[in-house]
Amino acid sequence: MTVKKALIPAAGLGTRFLPATKSMPKEMLPIIDTPVIHYVVEEAIASGIEDIIIITGRGKRAIEDYFDDSPELEMHLAKKHNTELLKLVRDVSSLVDIHYIRQKEPNGLGDAVLRAENHIGDEPFAVLLGDDIIVNDKPCTAQLIENFEKYGRSTLAVEEVPYEKLSSYGIIKGKPLCNSLYMLEDIVEKPSPENAPSNLGAIGRYVFTPEIFDCIKEAGTGVGNEIQLTDGIRVLNRSQIIYACRFKGKRFDTGDRLGYVKSIVDFALQNENLREDILEYLREILEVEESPEQGKADIMEEPSVDKITT
């Protein structure tokens with residue numbers, strides 16, 4: 001079985017980024033000049049996905065507009081003979097075939113996945129959360145698809161989670177197999193750190209067999225009185241082997257404010273037009289932080305010197 005369809009849930013309210021997300025989807029927050037969701041779509045394409053479904057909600061029209069044609073902007077750039085930007089804009093709108101399904105109200109990740117059931121049908125599919133960026137030569141989704149095509153079973157991406165953040169993830173209990181691969185024994189949604197079965201958390205990349213839809217329905221509501229994908233995975237694991245894969249790559253959780261800032265700094269340092277200026281600025285900040293009293297003294301002394309000189 002080959003995986004050619006992918007689902008990107010993007011209907012969340014983005015409350016951690018209020019007030020910006022009051023009128024702007026969190027998935028459209030820019031990493032310098034490119035929205036987060038652009039990187040997620042690019043990962044799906046680079047993994048061989050040909051058909052993408054984005055689950056949206058109220059106030060998410062900007063996502064559709066971003067991946068759509070923009071005749072007025074293209075005409076303006078053409079008149080200005082700005083061929084470089086014109087190509088950039090046209091490339092965005094021709095990335096891949098994208099469909100949009102509305103989730104009427106946020107009701108958990110499991111509910112968002114269910115919205116795509118009719119479009120997915122009886123095919124295997126990938127799920128990529130819209131606020132996780134994962135950087136690696138071989139995309140994280142491609143790594144999961146490779147495992148799926150080898151074993152024919154649903155596969156989750158996992159990574160080590162700091163103790164203080166265990167309660168923010170679905171944490172797995174797994175039987176180690178080989179090469180960072182585990183056979184799933186259990187998964188617990190947002191456990192307290194002291195009750196977590198391990199320090200391996202499921203992050204925003206999955207490949208599922210279509211049976212996951214019935215399992216989500218069977219599981220019903222869970223933590224937060226929402227339909228949790230984690231609960232559906234537990235039900236699926238009763239009848240099918242599920243694998244958990246420690247992926248290769250660097251993950252940026254842009255749904256977290258600190259993670260978002262880190263992603264901007266890292267991407268800026270990878271940009272040859274920004275790298276040296278950013279490094280110089282960071283050195284200046286570190287110098288002030290390391291000797292704050294000296295920095296204050298320098299600021300206080302400068303006006304006196306100017307006055308004497310005058």
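The values are calculated or read from the model by the stated rules, or taken from the named source; none is laboratory data. For clarity, every value in this text was computed on a predicted model and none was experimentally measured. A quick note on method: Cβ atoms are made from the backbone with ideal geometry, for glycine too, and the neighbour counts reach across all protein chains shown. Heavy atoms of the whole protein, side chains included, go into the accessibility calculation; ligands, DNA and RNA do not. Shrake-Rupley method; radii C 1.70, N 1.55, O 1.52, S 1.80 Å.
One residue is enough: does segment 218-232 have a residue meeting the conditions modelled with pLDDT under 90, open to solvent by less than 90 Å² (accessible area, probe 1.4 Å) and of a type in the set (D, E, K, R)? Yes: segment 218-232 contains one or more residues that are modelled with pLDDT under 90, open to solvent by less than 90 Å² (accessible area, probe 1.4 Å) and of a type in the set (D, E, K, R).
Scan segment 275-283 and tell me whether some residue there is open to solvent by 60 Å² or more (accessible area, probe 1.4 Å) and either among the hydroxyl-bearing types (Ser, Thr, Tyr) or in a strand (DSSP E or B) (or both). Within segment 275-283 (the criterion being open to solvent by 60 Å² or more (accessible area, probe 1.4 Å) and either among the hydroxyl-bearing types (Ser, Thr, Tyr) or in a strand (DSSP E or B) (or both)), the answer is yes, since at least one residue qualifies. Free of Cβ contacts under 8 Å to residues at least 24 places away in the same chain and either closer than 24 Å to Ala6 by Cα or in contact with a helix residue (DSSP H, G or I) (Cβ under 6 Å, 6 or more places away or on another chain) (or both): which single residue out of Asp122, Asp131, Asp137 fits that description? The conditions single out Asp137. Within segment 10-50, the only residue that satisfies the criterion of being touching a helix residue (DSSP H, G or I) at 6+ places or on another chain (Cβ under 7 Å), in a strand (DSSP E or B) and at pLDDT 90 or above is Ile31. Annotation note: of Ile120, Ile134, the sole residue that is surrounded by fewer than 23 Cβ atoms within 10 Å (Cβ to Cβ) and of a type in the set (A, V, I, L, M) is Ile120.
When Glu149 is tested against (1) surrounded by fewer than 23 Cβ atoms within 10 Å (Cβ to Cβ); (2) in a helix (DSSP H, G or I); (3) of a type outside the set (Lys, Arg); (4) without any contact (Cβ under 8 Å) to a residue 40 or more places away in the chain, only condition (4) is not met. Note on segment 225-264: residues that are of a type in the set (Phe, Trp, Tyr) and in contact with a Cys (Cβ under 8 Å, 6 or more places away or on another chain) amount to 1.
Looking only at residues that are more than 13 Å from Arg246 (Cα to Cα), at pLDDT below 90 and not hydrophobic (A, V, I, L, M, F, W, C) in segment 168-191, which one is surrounded by the fewest Cβ atoms within 10 Å (Cβ to Cβ)? Only one residue tops the list, namely Ser168. Filtered by the rule that a residue be of a type in the set (A, V, I, L, M) and part of a strand (DSSP E or B), segment 238-258 gives a lone residue, Ala244. Close Cβ contacts (under 8 Å, 6 or more residues apart or on different chains) running from residues in segment 243-270 that are within 22 Å of Ser198 (Cβ to Cβ) to residues that are assigned to a strand (DSSP E or B) and hydroxyl-bearing (Ser, Thr, Tyr) comprise Tyr243/Thr155; Tyr243/Tyr182; Ala244/Thr155; Ala244/Tyr182; Cys245/Thr155; Cys245/Tyr182; Arg246/Tyr182.
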